[in-house]
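The values are calculated or read from the model by the stated rules, or taken from the named source; none is laboratory data. All figures in this text were calculated on a predicted structure; none of them were measured in a lab. Heads up, the Cβs are rebuilt from the backbone with ideal geometry, glycines too, and the neighbour counts pull from every protein chain shown. Please note that ligands, DNA and RNA were not included when accessible areas were found on the heavy atoms of the full protein model with its side chains. Shrake-Rupley method; radii C 1.70, N 1.55, O 1.52, S 1.80 Å.
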Amino acid sequence: MRFMIMHKNDPQTEAGQPPPMELVTKMGTFIGEHAKAGRFIDGAGLNGSKTRTRLVFREGRCTVKHGPYRGEHELPAATLLLKVGMREQAIGWAERYGKILGDGELELGKVNEPWDIGLMPPPENPPLQFLLIEKADEATEAGGRSPKQKADLTRLKSEMTKAGVLVRELQLKPSGTAKRLVFTSNNLRVIDGPFAESKELLGGFAVMDLPNMDDAIELCRGYAEILGGTLEIDVRLVDQSD
């Protein structure tokens, strides 16, 4: 089974401070061990909200809001990793994506690069990577989009791939299959889905191949300890039906 383990944004990241090198080292070791065992598939951290863009679609119109801002309806239904030269390109692709869906909300979150966390000097004119987050709504929580929306999204994503923009994507199963893990000083409380929403911005994620949900929860204990032991993590099943 494939899981997307998502931790929420923290005050340090929101303030624009790089993570402590001790945390970076511990997370690198954690990822390396699970990658060697074939469990770690993908993962990334996101910058604070001042680097993000929220797109709200209502009655055929798109409102674009740049951060900083607070979380509102932060329950993902799908994520797409985009690689572009400029933020405006990512916004343009996101507008086309959102118009297919109709009323709803998307977010573009800048992905942390090695130079953002102090691992290396920044290269000259590097490409930008953004995580396009499709927010959940009644349709996705009920099981999916309409056949027309799916067909139109497939065509758009094919175009994005040909343009070298779409790096990879993930579709998530409805939150009724999910768990929300609330850690307080490394003590765990588990909340069963479905979830109406979360008001905490996504701070980062790891995609893992694991036997079952119990193993995912157990893995999150170590993940949470590295991140300070007091935080909220959503564990979502990845839809691998396609």
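Electrostatic tally near residue 220: other residues with Cβ closer than 14 Å to its Cβ, Lys and Arg +1, Asp and Glu -1, net +1. When the Gaussian network model of the chain links Cα atoms closer than 10 Å, the mean-square fluctuations of 100, 133, 91 top out at 100.
Label separation (residue 215 vs residue 146): 4.0 nm, computed from points 7 Å beyond Cα along the C-beta direction. Any chance you could look up the accessible area of residue 63 with a 1.4 Å probe, heavy atoms only, rounded to 10 Å²? My reading of the accessible area for residue 63 is about 90 Å².
With every protein chain left in place, what is the accessible area per residue of the stretch 172-233 in square angstrom, probe 1.4 Å?
45 Å²
Listed by chain and number, the lysines whose alpha-carbon sits under 18 Å from that of residue 173, ignoring those within fewer than 8 places in the same chain, are 135, 150. Across the accessible surface of the stretch 100-179, with the other protein chains kept in place and a 1.4 Å probe, carbon and sulfur atoms take up 55 percent.
Given a 1.4 angstrom probe, what's the average accessible area per residue across the stretch 1-152, in square angstrom?
On the way: 7780 Å² over 152 residues.
With all protein chains present, the stretch 1-152 gives 51 Å² per residue.
Largest GNM mean-square fluctuation across 90, 35, 206, computed for the chain with C-alpha springs under 10 Å, falls on 35.
A Förster distance of 30 Å, applied to the separation of the beta-carbon atoms of residue 66 and residue 159, puts the FRET efficiency at 0.75.
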